[in-house]
Amino acid sequence: MKEVVLGFDVGTSSSKGVIVSLGGVIVAQHAIDHEVQRPHSGWAEMDVATWWSEFATTTHALLSGRDFRVVAVGVSGMGPCAAVTDADGEPLRPAILYGIDSRAVHEIVSLERRYGRDTILQTCGSLLSTQAVGPKLVWLAEHEPSVFERARRLLMPSSYLVMRLTGEYILDHPSASQCDPMYDLTANAWHRSWASEITQGRIELPRLLWPDEVAGVVSADAAAVTGIPAGVPVIAGTIDAWAEGVSGAACNQGDLMLMYGTTMFLIDTLPGRVVAQELWGTSGARQGTFALAGGMATSGAIISWLQSVCNAPDVPTMLLEAERAGVGANGVIMLPYFAGERTPIADPDARGLIAGLTITHTRGDLCRAAVEATAFGVRHNVETILRAGGTIERVVALGGGTQGRLWPQIVSDVTGLVQQVPRISVGASYGCAFLAAQAVADVTIERWNPVAYTYRPDPARHARYDALYDIYLNLYKVTASLTHNLVRLPGRSAVLQEVDACG
C-alpha cells in the first residue's frame, strides 16, 4: 500500500484537497466551490460548518477506492478569520473573514485610542486594519453580545479543522500574529493583557505552534467521518498564503512570494522584524523568520466580475482579447479597489474606477486594464516593502493566476522584477501536504517542486508602464475624496428617488 500525505485548504472561493506521494507527486485532487456570504455592505462571512463538511467530502473523494495509506495530514485556510465557538467547539455564528470584511472600522479607532497607535505598531508590527482580528472581536462584543457571552474559543479554518480532527485547540504563529493587537510579534507570544481585555476574559487563547509542528493525531471519531485512519499525525497548518509560499519554496530569507488568486497576496520573508505602517508585520512560515506582508482586496475577482457583466464565454477568451489590446489598454486605466483596498493604502472606502473610456473601447480593453491595474497594485506594494526595509532577492509567483502567461508577464513588465514559477501551482493544499510530509519523512520542497518557468521584464514595455504607473498613483489621490463621498451617500434606492424627484 502506497504511503501518501493529505493536504487540504479552505480558500475564499473553494476548498481543495490533494493526495501527494512522499516524493512530491500529486496522485489525486478534489475541489469544491463555495461562496462568501455578504449579508451587508462591507461584510464577508462563511458558515464554519462548511469547512468540516467539505473536508470530509473531499477526503472520501480522494481516498475512496484507492490503495493509499495516509501517514500525515496538513491543513490551511484563508485568514486571518474570526470564528468563535462555545466550550465544546460548536460554532456560534458564521466566521468573520479577513481584510475583505470591513465592518470593524469604528472599533479600530477605539482600540487605537485605548492602546496608542504607535504602541500597537511597535508591539504588533502592524497598525490595526480591516485585516486584524482584535477589532472584529470588539465588534462582536458590542453588536452581538449574546453571541460574545457564549464565546469560549477563537478559531480559523486551519485550526478549526485541526480541532475537529484531533481535539486539540491550537493556532499557528503566522495566524496568531495577525490577531492584532493580541499578539506580541517581538516575543512571538500572546499579549496577555491586551488579549484579556479584548476578549473580556471569556475566550481561552489557543496554544501556539509553528505551522510544521504536529498538533495531534486523528481521533477515532474523526476517522469515522473522514476515512483517515485514527492515529495519523496532523500538523498545525497555517493561513493559505503562508502555505502557498511553502509550496513554492518561497519562505526563505529574501524571498518575495506573489500569490495570484481571487485576491493578490505578497509575503517578503526576513531574518528580523521590520515595522511598516502601510504593511503587515507578521511571523514567517518557519520558526526564526519574520515577514512583511501585503494584500490586495481584489485581483482575479475583477476578471471574474468582468466575465459576468461582459457576458464573456470564459476567462481564457477574455485574457486572449486583453493580450491583443496591448500595453495601456488603448487609453483605459483602472483602480482595482472593487472591495476597498488593504495594503498599502488601507482604505476600506476605496472603490474601483475606470478612467479613459470611450464608445470605441472593447471588452478586451477592459480586461487588459484590469490585469494592468492588479500589476500596478503589486508594484505599489513592492515599492512600499522596499522603502520599509524589506529585501527582495528572489520572487516566486504562485496561484491559479500563473497558469495563464499574460498576467504574470504584465506584472514583471510593470514591476521590473524577474519571477520564478514552480512546476506545480496547486498552491496551499500542496504546501500543507509538504509540511505534513516533513513530519514523517526526509523531504525538501526544492526536490518536490523545482522552478519550471521564469518571467523576465521587457525593457521597452517597462518604460511605457512607468508613465502609466504615475497616472495610476495620481488617479487615486485626486479621486479618493469623491469616492468616499459616494460611499457615504444614502442607499441606492433613496438616491434614485431623489433623481426622480428632480425630474
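General remarks:
- Solvent-accessible heavy-atom area per residue, rounded to whole Å², over segment 180-251 at 1.4 Å: 33
- Rounded to 5, percent antiparallel among DSSP beta bridges of the chain: 70
- Within the shell of other residues whose beta carbon sits under 12 angstrom from the beta carbon of residue 26, the net charge comes to +2, with Lys and Arg scored +1 and Asp and Glu -1.
- Both numbers refer to the Cα atoms of segment 1-138; Rg and Dmax are 18.8, 60 Å.
- Among residues other than residue 215 with Cβ under 12 Å from its Cβ, the summed charge is -2 (Lys and Arg +1, Asp and Glu -1).
- Excluding ligands, DNA and RNA, the accessible surface per residue across segment 267-378 is 35 Å² with a 1.4 Å probe.
- 26 Å Cα-Cα reach of residue 2 towards lysines, excluding residues that sit fewer than 8 places from it in its own chain: 16
- The chain - percent of accessible surface contributed by carbon and sulfur, probe 1.4 Å: 50
- R0 of 25 Å, Cβ-Cβ distance residue 27-residue 53: FRET efficiency to nearest 0.05: 0.55
- Solvent-accessible heavy-atom area per residue, rounded to whole Å², over segment 1-68 at 1.4 Å: 44
- 10 Å binning of all Cα-Cα separations within the chain, expressed as whole percents from 0 upward: 4, 20, 30, 27, 15, 4, 0, 0
- Listed by chain and number, the aspartates and glutamates whose alpha-carbon sits under 20 Å from that of residue 477, ignoring those within fewer than 8 places in the same chain, are 278, 341, 347, 349, 372, 383, 466.
- Here is what passes the span test in the chain: the DSSP H helices with alpha carbon length of 27 Å or more along the helix axis and a Kyte-Doolittle mean of -0.5 or above are 363-388, 459-487.
The values are calculated or read from the model by the stated rules, or taken from the named source; none is laboratory data. Keep in mind the model is a prediction, meaning the values are calculated, not measured. Counting neighbours? That spans all protein chains shown, and the Cβs are built from the backbone with ideal geometry, glycine included. Ligands, DNA and RNA are stripped out before the accessible areas are found, and what is left, the full protein with its side chains, is counted by its heavy atoms. Shrake-Rupley method; radii C 1.70, N 1.55, O 1.52, S 1.80 Å.
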